[in-house]
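Note sheet for the following structure.
The values are calculated or read from the model by the stated rules, or taken from the named source; none is laboratory data. Not measured: the values here are computed from a predicted model. Quick reminder, even Gly has a Cβ in these numbers, built from the backbone with ideal geometry, and neighbours come from all protein chains shown.
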Ligand code: SAM
Ligand code: SF4
């Protein structure tokens with residue numbers, strides 16, 4: 001390695017966490033991320049609402065990035081190696097649905113074989129995980145985060161457009177059996193959609209002995225229909241759980257922890273409340289993101305992105321690549337503007353940024 005250093009931005013935040021989206025494609029159509037139709041994007045309106053035209057049922061065509069624009073696994077591994085020389089020690093592979101990309105386990109293996117990443121995790125909707133779990137574990141995956149927004153088959157399908165509840169439950173079991181722990185399960189809580197399931201999701205966490213993280217809905221949906229009124233504030237989620245279960249606070253594991261953490265009763269489960277809208281944690285953010293087409297995003301809500309792919313494909317040395325990453329990090333925004341009049345939703349949805 002040619003350059004030693006640290007990734008620090010102008011606000012003196014040190015970057016340790018790189019989230020890598022390896023595909024913008026997904027087989028789910030979550031209403032809050034990548035809705036399939038205008039009707040699904042406008043989930044809060046009745047399907048009979050006069051505001052929805054007949055065309056609202058027509059499938060939205062998503063223009064996936066062509067393969068030539070997507071970083072190869074070799075390019076991604078090189079970026080990880082160079083970033084780690086600058087202090088990055090936490091990698092999360094995400095998407096889109098990362099397990100739709102053929103050979104994800106070989107990327108995990110290449111990153112793991114670098115021998116320098118302390119925490120190598122993956123976020124998945126669970127649909128392909130059961131058939132790949134063992135390979136991923138053998139390749140060096142250390143833990144997994146799965147997404148589960150409803151415990152009701154019909155509601156799960158309404159939210160995700162896919163009949164995947166059984167797969168995700170199987171995935172949780174398998175992840176446990178393979179010790180891909182701590183297992184985190186994400187639920188995006190949306191008013192009128194799944195907020196009535198908050199307590200049953202907490203109860204599920206107890207039964208499965210997992211970390212259930214309830215997340216506020218963020219304005220990163222491709223349908224661009226997000227409204228503040230759809231957000232269930234973290235404090236409200238917490239109060240609801242507290243009214244049914246006894247919760248005691250757990251200490252933050254690091255300064256850049258995004259969730260407030262709670263032990264639940266005497267169980268081995270944990271509840272995490274992630275409230276980026278009502279309680280932003282930007283001041284301690286230690287993350288940057290790499291999109292599948294090779295752009296660095298210094299914030300989920302960045303309006304500008306920085307091209308690393310052309311730097312790599314134009315033959316940059318490791319030293320030049322490291323200098324470019326340092327330069328980019330220096331431009332990291334102070335924080336997001338949700339809730340302010342100047343807020344502008346980024347062009348990319350969560351599915352093509354990588355959550
Ligand atoms: N497809 C995988 C999955 O769903 O787990 C990985 C990618 S997904 C973009 C990563 C996480 O982002 C998921 O847990 C998902 O629930 C969350 N997410 C997507 N859109 C969101 C939004 N608008 N607000 C909050 N969380 C969102
Ligand atoms: Fe796909 Fe994940 Fe977005 Fe759902 S949240 S549409 S599973 S990328």
ask   = Say we look at the range 129-171 and pick out the residues that are away from ligand 2 (no atom under 11 Å from the Cβ) and part of a loop (DSSP other than H, G, I, E, B); which of these is farthest from the chain's Cα centre (by Cα)?
value = 152
One residue from 195, 166 being surrounded by fewer than 21 Cβ atoms within 10 Å (Cβ to Cβ), at pLDDT 95 or above and out of contact with any strand residue (DSSP E or B) (no Cβ under 8 Å at 6 or more places or on another chain) = 166
key: Complete set of residues in the range 140-160 that are within 21 Å of residue 37 (Cβ to Cβ) and crowded, with 20+ Cβ neighbours inside 10 Å   = 147, 149, 150, 156, 159, 160
request  = Considering only residues that are over 19 Å from residue 201 (Cα atoms) and over 18 Å from the mean Cα position of the chain (by Cα), look in the range 175-189 and name the one that is nearest to ligand 1 (Cβ to nearest atom).
outcome  = 178
request  = Please work out which one of (1) more than 14 Å from ligand 1 (Cβ to nearest atom); (2) touching a residue at least 24 places away in the same chain (Cβ under 8 Å); (3) touching a helix residue (DSSP H, G or I) at 6+ places or on another chain (Cβ under 6 Å) is the condition residue 153 fails and give its number.
outcome  = (2)
Unmet requirement for residue 207, which otherwise passes all of (1) more than 10 Å from ligand 1 (Cβ to nearest atom); (2) at pLDDT 95 or above; (3) surrounded by 18 or more Cβ atoms within 10 Å (Cβ to Cβ) = (3)
request  = Among residues belonging to the range 1-26 that are part of a loop (DSSP other than H, G, I, E, B), surrounded by 16 or more Cβ atoms within 10 Å (Cβ to Cβ) and away from ligand 1 (no atom under 16 Å from the Cβ), point out the one that is modelled with the lowest pLDDT.
outcome  = 3
query = closer than 21 Å to residue 287 by Cβ, within 11 Å of ligand 2 (Cβ to nearest atom) and not in a loop (DSSP other than H, G, I, E, B) - does that describe any residue in the range 74-90?
reply = no
task = Please find, among 173, 227, the residue that is closer than 23 Å to residue 281 by Cα and surrounded by fewer than 16 Cβ atoms within 10 Å (Cβ to Cβ).
result = 227
ask   = What's the number of the condition residue 29 fails, among (1) touching a helix residue (DSSP H, G or I) at 6+ places or on another chain (Cβ under 8 Å); (2) at pLDDT 85 or above; (3) surrounded by fewer than 21 Cβ atoms within 10 Å (Cβ to Cβ); (4) farther than 30 Å from residue 328 by Cα?
value = (3)
request  = Scan the range 110-128 and give yes if some residue there is touching a residue at least 12 places away in the same chain (Cβ under 8 Å), more than 16 Å from ligand 1 (Cβ to nearest atom), in a helix (DSSP H, G or I) and surrounded by 20 or more Cβ atoms within 10 Å (Cβ to Cβ), otherwise no.
outcome  = yes
task = Could you grab me the full set of residues in the range 91-109 that are within 16 Å of ligand 2 (Cβ to nearest atom) and surrounded by fewer than 21 Cβ atoms within 10 Å (Cβ to Cβ)?
result = 100, 101
ask   = Restricting to strands (runs of 3 or more DSSP E) lying wholly in the range 233-328: which have 3 or more residues that are surrounded by 19 or more Cβ atoms within 10 Å (Cβ to Cβ), at pLDDT 95 or above and under 20 Å from the mean Cα position of the chain (by Cα)?
value = 270-274, 287-290, 295-297
